[in-house]
Amino acid sequence: MSDATIDRKRLAIAVLALVAGGAAVWVGSALLVDVTAGWRVPVILVGIALALIGLDRALTALLRRRIQIALVLSVAWLVAIVAAAALADFLPLSESLRPDQTLDVPARLRPDLFSAHPLGTDNQGLDILGGVIYGARVSLIVGCGAVLIGALIGGLGGIIAGFKRGRTESVLLFLADLLLAFPPLILLLAMVAVLEPSVRNVTLGLAVLSVPIYLRLARATTLAVAKREYVLAARVLGARNRRLVVSEIVPNVLPVVIAYSFVLVAVLIVAEASLSYLGLSIKRPNPTWGNMIAAGQESFNRHPHLVFGPGIILFLTVFALNRVGEAASSKWSRRRR
Amino acid sequence: MIRRGAIKVVRMIAIVLLVTLGTTLLLELVPGDVASSVLGEGATAEQYEALREELRLDQSIPSRYGDWLGGAVTGDFGKSIVPPVTEVGSLISARLPVTIEIAVLAMLLSLFAAIPLAMWTAYRAGGAGDKLVSGFAFGAISVPSFLSALLVIFFVIFHPGATKALIAAVGVMVVASIVVGWIKADRRPHSRRAWARSAAAAVAVVVLTVLVVWQFPAFPRQGFVRITEGGLASNLRSAFLPALTLALLEASVYLRVLRADLITTLDEDFVLSAEAKGLPAWRVMARHALRPSSLSLVTVAGVGFARLLGGTIIVEAVFNVRGMGDLIVNAIQTKDYPVVQAGVAVLAVVFVVMNALVDVTYTYLDPRIRARHV
Amino acid sequence: MAGSGTAHLQDDGDVVLRVEDLNVEFPIGQGRVVQAVSGISFDIRRGETVGLVGESGCGKSTTGRAVLQLPRPTSGTVTFDGVDLGTLSDEALRQTRVRMQMILQDPVSSLNPRRTIRQIVGEGLTIWGRQDGRDARIDEVLVSVGLDPAFVRDRRPHQFSGGQCQRICIARALALEPELLVCDEPVSSLDVSVQAQLLNLLRDMKAAYGLTVMFIAHDLAVVKNISDRVIVMYLGKICEVASADTLFETAAHPYTRALVDAIPNPDPRRSVPAVGLRGELPSPLSPPSGCRFRTRCPLATEVCAVEEPQLRAVGDGHFVACHHAGSVME
C-alpha cells in the first residue's frame, strides 16, 4: 500500500467523521425539537466533537502535517469576538438593550441560527446575541484593562525587585504576599462591597488582584534572566543599570508576562462574570454575560438557551484564551532554553 | 529549623494582623458618608448617631481596629446593623462549618478522581483515553463555577434520565476498553495475575455503574441539611452537588498538574531503572513515580483551597446554601458592613493558616528541603 | 600550597595589570562566607598572555571577574595601567572597564536571544556613543573573527552554533578595541575540533589588536598552546607560576605535576602517571590549615599542616609554593 492510498483512506474516514458530526448537530438542534434538552444537548456535543476530530484529521491528511485545529479556531474566535465587541454599534443586531422597544417581540424565542434572533430572545424579548456582544464589550474591557494595569504596575515592581534585590525586594514581596493572603474572590467581593459597581471600579478591583501575581512572576523571571551571561556581558561593555533593564532584561521578561496575560485575562473574565452573576457588578439594563445568565436561570429548566447561550459564549472565550495562553507560554519558554 | 519555623509563625501573625486591618479600612473606601449611605434617606438623627456609634466611626482608625480586634479574639464581632439584628459571631459560627464542609468534600472528591486518572493518563500518555480525559480537563478549567453549577443542576436534577444514561455510557466504555485490552494482550505473554486483576476491575466497574444508575439518589435543587437536622445521609445529599460542581474544576487542575509531573518523572533514570528491574508498571507508578510528584500536588492543592473558598461563594449562591459566601454576598447587598468585615476577615485568616500548614507540610515532605535546614 | 607571597611579581617591563593580595568572599547566609579567592597576587605585562588554570571551584573565574570588579573584591588591589580600580567611583570604573573586555564560558547564554547580531556586536559602540562608522566597524570585526557580515548581521543568536556564537562574542569584545581581554573558559563548552579553531583565532586576534590576554581554563592542554606564562591555582591560592614549557617539563608542584600527568597522551609506551590525585576538592567554607593542598598531596608532611608555603623561585621565572617542591622535580 502506498502512502497515497493510506492518505486517501484516512481522508475518507475523516470526512465521514466530519459529516456524521455535522449530521448529529443538525439532528440534535433541528429535528429533535420535541425531545427534552437533556437528550438533545449530549447529541449536539458529541456531534461537535466528532466534527472537530473529523476536521482535524481531514486537514492533517490534506496538508500532510499536523495543525493544531483547536489553536487555530481559538485565535479565530478571539479575533471574531473582539471585532464584534468593537463594532457592536454598527452590526445589524436586533434590539438587545431597551425592553421598551421589544414589546411586540415574543419572549424566550428558541435559538434559530437563520432568523433575526440567532440565539433567541430573553425574558423581555431582548435579543440574546446582541446582549452577548455588548456583554463581550464589558468582559473584554474589564479583563484586558485590569491585566494591562496589573502587568504595568506588577511587572515594573517585579523587575525592580528582581534586579535591585535587597530591601526593595523584601518590601515589594511582602506587599505582594499580603495581597495574595486574601482569597482572590473574597478580596474582590470586599472591594465591590464598598465601591459602586461600574466598569471602572470593577476593572480597578481586578487590577488589584493581578498586581501581586505579575509582581511575583516578573520577579522570578527577572532573577532567572539577570543570571544569564549576556547581562554580565552588557555590563562589561559599559552598560548602565537603566540600559541593562531596558534592553537586556525587559525584552526577555516580556514574553513570559505576555504569555501569562492570556490566561489571566481568562481568569479575570470569569471573575467578572461571577461577580455580575451574583449581582455585584454591572447591573441591568447593561448586559454582561454574568447578569444575563443570572436572569435566565429562573426559567432555564424549560428555556435552557437563556443560560446556555451566553454560557457557551463565555466558555468559548475563556477556552480560547487558555488555549492561546498555553501555546504562547510553551513556545516562549522553549525559546528561553 | 526551629528558627525558620519561628520566622514563619511571626510572618503569619503579621499577615493575619495586616489582613484584618485591611478589612477595617474597608469602611474608609466607602464613597461619601458611610452611615447615611447605609440608612438611606429619611433616617432620624438618633438612628444616624446610633449607627455611627455601632460602626465606631467617631474613633480613630487605630482605636477602631484595636476595639474590633479585641472583640474578634473573644469571638465578639459586634452586631449586624441590618434587621434582624444578630450577633455577627453567632452568624459566622453557624455558617462557617457549612462552607468548610463543602470545600473539604470538594477537595476529597477531586483528589479521589484526579490521582488515579492522572496515573492512568500519564502511563498511557498520547493514547485515545489520555486525549479524551486531558481534553475534558482542559475544557473543564474553562468553565466558570456558576456555569458548571447550572450544568450540574440541569442534568442531574432536571434531566436525571440523561445523566444516568451518560454514567452508563461511561461505564460501558471503560469495560469495553478493558475487554479490548484483553483481546490485544492475547498476542503477548500475559500473567494470570494481571488477567485476574483486570477482570476484577471490569466487574467492579460494572457493579459500580449498575449501582449508581439503579440507586440514583434524588438530590435537592437547593438548600443545605445539617447533620444535626436530617442525619448524615441527607446532609451528604445536600452537600454533594455543590461539592461536585467545585470538584469538576478542581479535579481538572490537579489532573493536569499531576499528569504533567508524572510524565516528567516517568522519563527519569530512576524510574527507568525500576522498570528495568522488572517491577510491574503499577508498582513503578505508585512507589517510584507518584511520591516525587506528590510535592507539586500539595502545593497545587494548597492554592486550590483558595479557589475553593472563592468557589463556594458562587455555588452557595446557585444552590441556595446558607454558608459564608451567601452571608457575605447578602451583607454586601444590604450594606451590612460589620458582617462583611467579619466574614472577609474570618475567611482570610482561614486561608492564611491553611497556607502556612501547606508550607510546613511541604518542608516535611521534601527530604531535600528538610536536609537543608536541619 | 598556598600561594601567598609576591616573589613572582615583576618590577621590570611594562606591567599593565597588577593584582595584589586579592580576596573574594561570598556570604552564604547565617554569617558564613565562602572564601573563593584568598590573597593571590599576579601581574601581566603588556602584550603577554597569562593562563590561569585549576579545577572547577578553585576560584579562577572569580579571579577573572574580580579583575573587572564584577563584583568588587572583598580586599586587595587591582591596578590597571597604573590606576587602582578599587579607588574609582562607579562611573569612573565604568569608563575604565571598557578598556578591559571579557569572553565568557557559555557563548549561547552570553548573547541576548532577542537581539540581532548587529545590535549585539554594536552594543558597546552604541553605549559609548560611537555612532560614526558604526556599521562599518561592526562588519570589520565580524570579518576579522571569520564571519560573513552579510550573512550574520541580521540573524539572531539561536541560528548559530556554539563556536559561531563564541566568535560573535569575541567580535563584540573587540569592537571596543580593548587593551586587556579576560577569557573565562572560552572554549570549554565547545567541541574539541572547534576549540582548536577558536584558540587559533584568539592568537590571531591577539597579534592583530595587540591584546594582553588573561586566559582562564581548567584544561592545561588548552592553556599550554596559547600562554606565555601559566598560573596554577588550587582552592583560592596560587601553587605555581612558570612559562608554559617549563611547567610541562619540570613542574615543581605536586598538584601541577598531577595536572600535567592527567593530560591524555597518545603514546602507549609512556608510563602510568606517577602521582595521582586522591579525594575531592575540600570545601572552600573551611579550607585546610597550612598548605591547602595537603589533604590530597602524596608528599604531605606535618609541616604542611602548620605552615603555609610561600611562593619562592626555583628557576628562571619559575615560582612555586610548596615545602617539598624539590622532591617532585627529581
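Considering the dipole of the protein assembly as shown built from charges on the beta carbon (Lys and Arg +1, Asp and Glu -1) around the Cα centre, which of B:232, B:102, A:209 is farthest to its positive end?
Of the candidates, B:232 comes out farthest on the positive side.
Rounded to the nearest 0.05, what FRET efficiency do residue C:204 and residue C:148 have when you use their Cβ-Cβ distance and R0 = 22 Å?
Values: r = 17 Å, r/R0 = 0.78.
That gives a FRET efficiency of 0.80.
When only DSSP loop residues count, what trypsin sites (Lys or Arg not before Pro) in the range A:65-142 have their Cβ near at most 10 other Cβ atoms within 10 Å?
A:65, A:66
Mind listing the phi-derived Karplus ³J(HN,Hα) values for the range A:12-19, rounded to whole Hz, using 6.51, -1.76 and 1.60 with θ = phi - 60°, and x for any glycine or proline?
Whole-Hz 3J(HN,Hα) from phi for the range A:12-19: 4, 4, 4, 5, 4, 4, 4, 5.
Tell me, what HN-Hα J-couplings in whole Hz come from the Karplus equation 6.51 cos²θ - 1.76 cosθ + 1.60 at θ = phi - 60° for each residue of the range B:221-231, using x for Gly and Pro?
Whole-Hz 3J(HN,Hα) from phi for the range B:221-231: 5, 8, x, 9, 9, 6, 4, 5, 8, x, x.
Exactly which trypsin sites (Lys or Arg not before Pro) in the range B:224-317 are in a DSSP loop and have at most 10 other Cβ atoms within 10 Å? Mind showing how you got there, number by number?
Details: sites: B:226, B:237, B:256, B:259, B:277, B:283, B:287, B:307; in loops: B:226, B:277.
Qualifying residues, ordered by number: B:277.
Isolated Cys in the protein assembly as shown by the 4.7 Å beta carbon test?
A:144, C:58, C:165, C:169, C:183, C:239, C:297, C:322, each lacking another Cys Cβ under 4.7 Å.
How high is the relative contact order of chain C? Use alpha-carbon pairs under 8 Å, at least six apart in sequence, and give a whole percent.
Details: 651 pairs, mean separation 82.0, N = 330.
Averaging sequence separation for qualifying contacts and normalising by length gives 25 percent for chain C.
Under a Cβ-only charge scheme (Lys and Arg +1, Asp and Glu -1), can you give me the dipole magnitude of the range B:33-75 about the Cα centre, in debye to the nearest 20?
Computed charge dipole of the range B:33-75: roughly 240 debye.
Ignore the peptide's own chain and count Cβ atoms of other chains within 10 Å of each Cβ in C:110-117; give me the average, rounded.
The mean count of partner-chain Cβ atoms within 10 Å per residue comes to 6.
Using modelled backbone amide H atoms (1.01 Å from N, in-plane), which distant-in-sequence or interchain residues come within less than 5 Å of residue C:227's amide H?
Counting only residues 5 or more places away or on other chains, the set is empty.
Kindly provide the GluC sites (Glu not before Pro) of the range B:224-279 that DSSP labels as loop, not H, G, I, E or B, and whose Cβ sees at most 13 other Cβ atoms within 10 Å.
B:268
Rounded to the nearest 20 debye, what is the charge dipole size of the protein assembly as shown about its Cα centre when +1 sits on each Lys and Arg Cβ and -1 on each Asp and Glu Cβ?
About 2760 debye.
Cα axis of helix A:199-226 to longest principal axis of chain A: angle in degrees, 0 to 90, nearest 10?
Orientation of helix A:199-226: about 50 degrees from the principal axis.
Report the residue, chosen from A:180, A:188, A:113, that carries the largest GNM mean-square fluctuation when chain A is represented by alpha-carbon nodes joined by springs under 10 Å.
The residue that fluctuates most here is A:113.
So what's the angle, to the nearest 10 degrees on a 0 to 90 scale, between helix C:192-209 and the longest Cα principal axis of chain C?
Tilt relative to chain C: about 70 degrees.
When DSSP assigns beta bridges and you keep just the ones with both residues in the range C:119-273, what percent turn out antiparallel, to the nearest 5? Don't jump to the answer; show the numbers that get you there.
Numbers: 6 of 11 bridges.
In the range C:119-273, approximately 55 percent of DSSP beta bridges are antiparallel ones.
So for C:212, B:74, fewest C-beta neighbours within 10 Å to most, what's the order?
Numbers: C:212 22, B:74 8.
Least crowded to most crowded, the residues run B:74, C:212.
What distance in nm lies between label points placed 7 Å from Cα along the C-beta direction at residue A:112 and residue C:90?
In this crude spin-label approximation the distance works out to 7.3 nm.
Nearest 5 is fine: what % of DSSP beta bridges in the protein assembly as shown come out antiparallel, could you say?
Numbers: 30 of 49 bridges.
Once the DSSP bridges in the protein assembly as shown are tallied, antiparallel ones form about 60 percent.
Run lengths n ≥ 4 of DSSP H only: what is the helix-derived mean residue ellipticity at 222 nm for chain A, with -39500 (n - 2.57) per run over all residues, to the nearest 500?
On the way: 11 runs with 236 residues, N = 337.
My calculation for chain A gives -24500 deg cm²/dmol from helical runs alone.
Under 5 Å between amide hydrogens, which residues at least 5 positions from residue C:37 or on another chain qualify, with H placed 1.01 Å from N in the peptide plane?
Those lying under 5 Å, H to H, from residue C:37 are C:24.
Considering every Cα-Cα pair within the range C:141-252, what fraction, in whole percent, is farther apart than 20 Å?
46
If contacts are Cα pairs under 8 angstrom and at least 6 residues apart, what is the relative contact order of chain B in percent? Let's see the in-between values first.
Numbers: 347 pairs, mean separation 103.4, N = 374.
The normalised contact order for chain B reaches 28 percent.
Using θ = phi - 60° and the Karplus form 6.51 cos²θ - 1.76 cosθ + 1.60, what ³J(HN,Hα) does each residue of the range C:154-171 get, whole Hz, x for Gly and Pro?
Along the range C:154-171, the couplings run 9, 9, 10, x, 5, 8, 10, 7, x, x, 5, 4, 5, 4, 5, 4, 5, 4 Hz.
Which of C:224, C:60, C:237 moves the most in a Gaussian network model of chain C with Cα springs under 10 Å?
C:224
Give me the angle, in degrees from 0 to 90, between the Cα long axis of helix A:250-277 and the longest principal axis of the Cα atoms of chain A, rounded to the nearest 10.
40
Report the local net charge at residue B:61: Lys and Arg +1, Asp and Glu -1, summed over other residues whose C-beta lies under 12 Å from its C-beta.
In short, -1.
What distance in nm separates the two pseudo spin-label positions at residue A:87 and residue C:188, each 7 Å out from Cα along the beta-carbon direction?
Here the modelled spin labels are 6.1 nm apart.
Under 8 Å for C-alpha pairs, at least 6 residues apart: give me the relative contact order for the range B:59-184, rounded to a whole percent. Before the final figure, lay out the partial values.
On the way: 31 pairs, mean separation 9.0, N = 126.
After rounding, I find 7 percent.
Bear in mind that the values in this text are calculations on the coordinates, not laboratory data. Here the structure is a predicted model, which is why all the values come from computation and not from measurement. Quick reminder, even Gly has a Cβ in these numbers, built from the backbone with ideal geometry, and neighbours come from all protein chains shown.
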